[in-house]
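Below you'll find the structure, written out as structure tokens, and then a few comments.
The values are calculated or read from the model by the stated rules, or taken from the named source; none is laboratory data. Here the structure is a predicted model, which means the values were calculated and not measured. Reconstructed Cβ throughout: ideal geometry from the backbone, glycine too, with neighbour counts over all protein chains shown.
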Amino acid sequence: ARTLEGKTALVTGGSRGIGAGIVARLAAEGANVAFTYASSKQRAESVASAAIEAGGIAHAIHADSMREQDVADAVTATVDRFGGLDILVNNAGGGVFKAIEDLTMAEIDTMLTVNVRSVVVAIRESLPHLGEGGRIINIGSVNAVRNPFPGLSVYAMTKGAIASLTNGLAKELGARGITINNLQPGPVDTEANPADGPNASNLLTAMSTDRFGTVAEISAFVSYLAGPDAGYITGANLNIDGGFV
Ligand code: NDP
């Protein structure tokens, strides 16, 4: 049986990488899935058609996580289209990896805005629609906990903020039957962090497995956390990291 039949999910940043995998998996489990993208329109449309061809329901929404109004409108568009909202996955994000002296204000602001501020906005805007059994799943990073190499500081700070936000909100949402969790991936093979990229061998030395994680492995964990069996997990920072931490 499909575990998310009848549920509606909104995934931010679903056009590529981990987010695209999450869209595919949640749709395969029977959820109505809306997802946002900023630049990759064609890719987003392909993600939606692939999910539909596989027997699911998916819908791409242009929404730049840099803009508060776009994020709020994406929540409204999801509710208008599917009649409610049960699952919010905050995945959109990224990093500029440099020594702190080399980071420009624009790079710092982009990381803070997309990785942190847009998550707060998406949660705030989604909460009026989430009821008993609601799920919020943030995609943080193991870099919130461990940074074996230089150049990660501000990115790590943004993901640390997500861990703290998750912790604080669990208490606020628990009595409403809504869980919130922070999934912290280690290195996962995507365009942002290719398993055959220049940093890969360095990263592998910091891990227990001899390979990167896959988008499918992260998506399966998100699907579990979104489902009915995970109602007793909340406020948790959950590493899925090949032993990185
Ligand atoms: P990718 O760069 O492969 O994909 C990023 C996705 O986020 C794209 O769909 C992109 O959409 C979207 N996105 C980026 N900026 C915005 C924005 N301003 N507004 C809306 N959407 C946006 O990244 P990953 O899949 O690798 O990473 C996904 C998440 O996982 C991030 O939060 C990242 O920090 C986290 N993570 C990744 C790890 C890894 O090793 N890959 C490890 C730990 C955490 P578009 O192309 O349309 O802009």
Check: For Leu204, which of the numbered conditions (1) touching an Asp or Glu at 6+ places or on another chain (Cβ under 7 Å); (2) part of a loop (DSSP other than H, G, I, E, B) fails to hold?
Finding: (2)
Note to self: I'd like the residue in the range 200-222 that is among the aliphatic types (A, V, I, L, M) and in contact with a helix residue (DSSP H, G or I) (Cβ under 8 Å, 6 or more places away or on another chain) and, out of all such residues, is farthest from the ligand (Cβ to nearest atom).
What the structure shows: Ala220
Check: Which members of the range 120-140 meet the condition of being more than 15 Å from Glu172 (Cβ to Cβ) and within 12 Å of the ligand (Cβ to nearest atom)?
Finding: Val121, Ala122, Ile137, Ile139, Gly140
Notebook entry, point to check: Which members of the range 1-23 meet the condition of being near the ligand (Cβ under 6 Å from one of its atoms), of a type in the set (D, E, K, R) and over 16 Å from Glu45 (Cβ atoms)?
Noted result: none
Note to self: For the range 144-178: of the residues being free of Cβ contacts under 8 Å to residues at least 24 places away in the same chain and polar (S, T, N, Q), which is surrounded by the most Cβ atoms within 10 Å (Cβ to Cβ)?
What the structure shows: Asn147
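Conditions (1) over 24 Å from Tyr155 (Cα atoms); (2) surrounded by 17 or more Cβ atoms within 10 Å (Cβ to Cβ); (3) near the ligand (Cβ under 10 Å from one of its atoms), marked per residue:
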position: Ser39; (1), (2), (3): no, no, yes
position: His62; (1), (2), (3): yes, no, yes
position: Val71; (1), (2), (3): no, yes, yes
position: Ala74; (1), (2), (3): yes, yes, yes
position: Ala77; (1), (2), (3): yes, yes, no
position: Ile87; (1), (2), (3): yes, yes, no
position: Ile100; (1), (2), (3): no, no, no
Margin query: Which numbered condition in (1) farther than 19 Å from Ser39 by Cβ; (2) under 17 Å from the mean Cα position of the chain (by Cα) is the only one that Pro128 fails?
Written below: (2)
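I need the full set of residues from the range 225-242 which are surrounded by 16 or more Cβ atoms within 10 Å (Cβ to Cβ) and either touching a Cys at 6+ places or on another chain (Cβ under 6 Å) or in a helix (DSSP H, G or I) (or both), in order please.
First, pick out the residues of the range 225-242 that are surrounded by 16 or more Cβ atoms within 10 Å (Cβ to Cβ): 225-227, 230, 234-242.
Hits for the range 225-242 are Leu225, Ala226, Ala230.
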Next item on the list: Return yes when Asn143 is more than 10 Å from the ligand (Cβ to nearest atom) and either at pLDDT 95 or above or assigned to a strand (DSSP E or B) (or both) and no when it is not.
Entry: no
Next item on the list: State which residue is farthest from the chain's Cα centre (by Cα) when the search covers only the range 146-161 and only residues that are of a type in the set (S, T, N, Q) and in a helix (DSSP H, G or I).
Entry: Ser153
Note to self: Just to verify a result, which residue in the range 179-199, among those that are within 19 Å of Val116 (Cα to Cα) and near the ligand (Cβ under 6 Å from one of its atoms), is surrounded by the fewest Cβ atoms within 10 Å (Cβ to Cβ)?
What the structure shows: Ala192
